[in-house]
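*Asks:* What follows is a single structure, and I will ask about it in a moment.
The values are calculated or read from the model by the stated rules, or taken from the named source; none is laboratory data. In this text the structure is predicted, and so the values were computed from the model without any measurement. Cβ coordinates were reconstructed from backbone atoms using ideal geometry, including for glycine residues, and neighbour counts include every protein chain displayed. All accessible areas refer to the heavy atoms of the entire protein, side chains included, with ligands and DNA or RNA removed. Shrake-Rupley method; radii C 1.70, N 1.55, O 1.52, S 1.80 Å.
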Protein chains: 2
Amino acid sequence: MQTFSDLDTPSRILLGPGPSMAHPRVLRAMAQPLVGHLDPKFLELMAEIQTMLRLVFQTENELTIPMSGTGSAAMEASVCNFIEPGDEIIIGVNGYFGERLCDMAGRYGAVVRRIEKPWGQVFTPAEVEAELQQKPAKIVALVHAETSTGALQPMEGMGQLAHQHGALLLIDTVTSLGGVPVKIDEWGVDIAYSGTQKCLSCPPGLSPLTISPRAREVLHRRKSPVKNWYLDLTMIERYWGTGTRMYHHTAPISMNYALREALRLVVEEGLESRFARHRRLAEMLWNGLESLGFEMHVPAEHRLPPLTTPRLPAGLENEAQIRRQLLDIYNIEIAGGLGQLGGQVWRIGLMGYSARPENVLLLLSALKELM
Amino acid sequence: MQTFSDLDTPSRILLGPGPSMAHPRVLRAMAQPLVGHLDPKFLELMAEIQTMLRLVFQTENELTIPMSGTGSAAMEASVCNFIEPGDEIIIGVNGYFGERLCDMAGRYGAVVRRIEKPWGQVFTPAEVEAELQQKPAKIVALVHAETSTGALQPMEGMGQLAHQHGALLLIDTVTSLGGVPVKIDEWGVDIAYSGTQKCLSCPPGLSPLTISPRAREVLHRRKSPVKNWYLDLTMIERYWGTGTRMYHHTAPISMNYALREALRLVVEEGLESRFARHRRLAEMLWNGLESLGFEMHVPAEHRLPPLTTPRLPAGLENEAQIRRQLLDIYNIEIAGGLGQLGGQVWRIGLMGYSARPENVLLLLSALKELM
């Protein structure tokens, strides 16, 4: 019979689009023995996680929770809880994750109205307004941080615009939360989802979600049950709520330990310092890459500090081989392009605990060696 | 501003319906630093996890994987991938989780045909056959181990019966996998799901799933896309498959480390020894409870060793208080009844690493003190 050795994993320096490196304190927290998912102590921890998530999302939304799956689970929860068959949703598609939102919304019976931009560009309020003026919609969905392109969508004015036309504003903050400002209340965002394994530097396994009172009313006025049982917020809000805890599913206890510790680290560092660190190290990376002859795919004004997409120089035919050497020789992970940017860019992440000067210097030095 | 203390959790002895206690080796594995979810090393670990899951499920099914959510996620995957609107499903309802299957299947548009038994009893092949003879169905679903009642459904003959009538057989093994025999291939089971946090003694966060070639053909012949994106096996099978790995969602890396170690512990102990241990300790518990005046809710021949449901003696009005004292004084968690058995039984789990003589003796001694 096959035998299975002790777990022996290489010491990777994770500079791809996620997961980022988890802080040692987060790893230690995760290894604490379990308590039950209805234990009074666990209910306390849940409340603390909610408080800290609200702080990071910069929101007062009561319904602010980690969903029990990786980023895509909260993405799907953002769609399936608010879409009923025939509902119209306007989705800004300027990368892979906008495409995915269209796919998900279509499966739940939405009438999907795409507005499109080349991958790497962002939308203006006027472009969104033009579509809303054509015809109202129930939801406007934008990707705040496109992990496939490295573009950061400006959000100012978007919430007001959506609300003027009777729509909810939904945004993807998977690669922004904890790394760049995410101002849910100030921007008038109604539904936002994220992942733990990017700028929060917690292992993948949970996905933060925040829902405004306005969106919650829409949820409660649904005519049909939510098709997706596991992600049904009408039940989950009673498990995470303040009253009697209704059993829904078993929460991933250890992952919640980890997320709590990751959020504590954010609180200790302070949001503004944390954003400044991500910005400072991204600039160090951008400058270094430019010195090596790379051009950035995204113009400076819309560049997403946690995720950089250098364009591959003309004539570089062995990009996958260079990435493999980075991994094999120096234990550094970066990623290739996704979707239509495959073979055109790399994706280099500087997120959370990965965003340290030693990692940037090492990557730049290694690239200099290999290219 | 609110401050958040170091994570400080009590040392619980988890004897409820799950999570069970995680083995220290599993906790240590989980705390290993992360690798990327497409790292060659992680792909190796995935293959090892699949090999060991097949061993525990006693199956050759290629599509045997952990879904990226707790038990309910694989439960929903078992339904949403195989049901299209209008499909008929026969569901054996003899407890809470049979009810939940009805709820999930209905959401995806199934015509749900319930066969019912009082909570704590099991179905005979003749009862299932009678329903199939009325009218064929696409799926017959049974709960192998009802976590709400403590009943173990005999499976002999059920697969053959379903197949004779052109149906797939789907079973819930959440509280049986790794604790009592689960013979997927021998029983002719087509779809089975479980959880990691019961007899596998791994923290909650993943849910094992196995799909027979016959069920996989049904999946591939679907006329409509799977409504649930996160659990869509037509995409997930390409991420866990043997060919080129297609990115779908980010797998929970640390949870997979934990599951791999938990499965290694099962392999080291050996399935038969492990089943014998669960059986031996359950009998020690049953005898002890009977000495204290409890009657078991489930007749001996259908009793599920990992989960025992003693009936509360007449006149015991403070059952919740006794459970609270067990927790507060002795750090022992057991659970109350669920659904229609609320207030009538307790649920005492002896699963995986929780199933040790010292835990049984302590619980019995503590109950003797408190009652």
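*Asks:* Report relative contact order for chain A in percent, whole number only (criteria: Cα-Cα under 8 Å, sequence separation at least 6).
*Replies:* Reported as a whole number, the value is 25 percent.
*Asks:* Can I ask one more? Which pairs in the list B:135/B:223; A:135/A:223; B:41/B:223; B:183/B:223; B:117/B:138 are over 28 Å apart, alpha-carbon to alpha-carbon?
*Replies:* Exceeds cut-off: B:41/B:223; B:183/B:223.
*Asks:* Over chain A, with a single point scatterer placed on each C-alpha, what log10 of the ratio I(q)/I(0) does the Debye formula yield at q = 0.09 1/Å?
*Replies:* -0.51
*Asks:* How many nm separate the modelled label positions at residue A:283 and residue B:2, each set 7 Å beyond the Cα in the direction of the Cβ?
*Replies:* Spacing of the two 7 Å Cα→Cβ label points: 3.5 nm.
*Asks:* Something else: Per residue, how much accessible area does the protein assembly as shown have with a 1.4 Å probe, in Å²?
*Replies:* 34 Å²
*Asks:* So, one more: With a cut-off of 17 Å, note down the residues of segment A:61-88 whose backbone N falls inside the zone around a label point 7 Å from the Cα of residue A:134 toward its beta carbon.
*Replies:* A:87-88
*Asks:* Something else now. Measuring from the lowest to the highest alpha carbon on each principal axis, how far does segment A:52-190 reach, largest first, in angstroms?
*Replies:* Result for segment A:52-190: principal-axis Cα extents of 39, 29, 28 Å.
*Asks:* Just report the Cα centroid separation between segment A:313-363 and segment B:144-165, whole Å.
*Replies:* 51 Å
*Asks:* Over the protein assembly as shown, with every protein chain in place, what whole percent of the accessible area is carbon and sulfur at 1.4 Å, could you tell me?
*Replies:* Carbon plus sulfur share of accessible area: 50 percent.
*Asks:* Go through segment B:2-68 and name the GluC sites (Glu not before Pro) that are in a DSSP coil and have 13 or fewer other Cβ atoms within 10 Å of their Cβ.
*Replies:* Filter output for segment B:2-68: B:60.
*Asks:* Now a separate question. Using label points projected 7 Å from each Cα along Cα→Cβ, tell me how many nm separate residue B:60 and residue A:156, to one decimal.
*Replies:* Inter-label distance under the simple model: 6.6 nm.
*Asks:* Also, I was wondering about something else. For segment A:53-76, which residues drop by 30 square angstrom or more in accessible area between the chain on its own and all protein chains together (1.4 Å probe)?
*Replies:* Residues shielded by partner chains are A:70, A:72, A:76.
*Asks:* Over all directions, average the projected area of the Cα convex hull of the protein assembly as shown and note it in nm².
*Replies:* Directional mean of the projected Cα hull area for the protein assembly as shown stands at 30.4 nm².
*Asks:* Could you name the aspartates and glutamates in cross-link range of residue B:227, using Cα to Cα under 15 Å and dropping any fewer than eight places away on the same chain?
*Replies:* A:76, A:84, A:103, A:232, B:76, B:84, B:87
*Asks:* For labels at residue B:28 and residue B:127 in the simple 7 Å Cα→Cβ model, what's the distance in nm?
*Replies:* Once both label points are built, they end up 4.7 nm from each other.
*Asks:* For the protein assembly as shown, give the magnitude of the charge dipole about the Cα centre (Cβ charges: +1 Lys/Arg, -1 Asp/Glu; no others), in debye to the nearest 20.
*Replies:* Dipole magnitude for the protein assembly as shown comes out near 40 debye.
*Asks:* While we're looking at this one, here's another question. Calculated from DSSP H runs of 4 or more alone, at -39500 (n - 2.57) each and per residue, what is the 222 nm mean residue ellipticity of chain B, nearest 500?
*Replies:* Helix contribution divided over all residues of chain B: -12000 deg cm²/dmol.
*Asks:* Set the Förster distance to 30 Å, then compute FRET efficiency between residue B:331 and residue A:269 from the Cβ-Cβ distance, nearest 0.05.
*Replies:* 0.30
*Asks:* Using a 7 Å offset from Cα along the direction of the beta-carbon, what are the separations from residue A:342 to the same position in each other copy, nm, ascending?
*Replies:* 5.1
*Asks:* Under a Cβ-only charge scheme (Lys and Arg +1, Asp and Glu -1), can you give me the dipole magnitude of segment B:1-85 about the Cα centre, in debye to the nearest 20?
*Replies:* Magnitude of the dipole: close to 340 debye.
*Asks:* Read phi for every residue in segment B:133-142 and hand back ³J(HN,Hα) as whole Hz from Karplus 6.51 cos²θ - 1.76 cosθ + 1.60, θ = phi - 60°, with x for Gly and Pro.
*Replies:* 6, 4, 5, x, 9, 7, 9, 10, 10, 10
*Asks:* What total accessible surface area, summed over both chains, is buried at the interface between chains B and A, computed with a 1.4 Å probe and given in Å² to the nearest 100?
*Replies:* Protein heavy atoms only, the B-A interface buries about 6200 Å².
*Asks:* Give the calculated FRET efficiency between residue B:317 and residue A:317 to the nearest 0.05, with a Förster radius of 51 Å applied to their Cβ-Cβ distance.
*Replies:* Using R0 = 51 Å, I get an efficiency of 0.05.
*Asks:* Would you mind working out the magnitude of the charge dipole of chain B relative to its Cα centre, with +1 at each Lys and Arg C-beta and -1 at each Asp and Glu C-beta, to the nearest 20 Debye?
*Replies:* 440 debye
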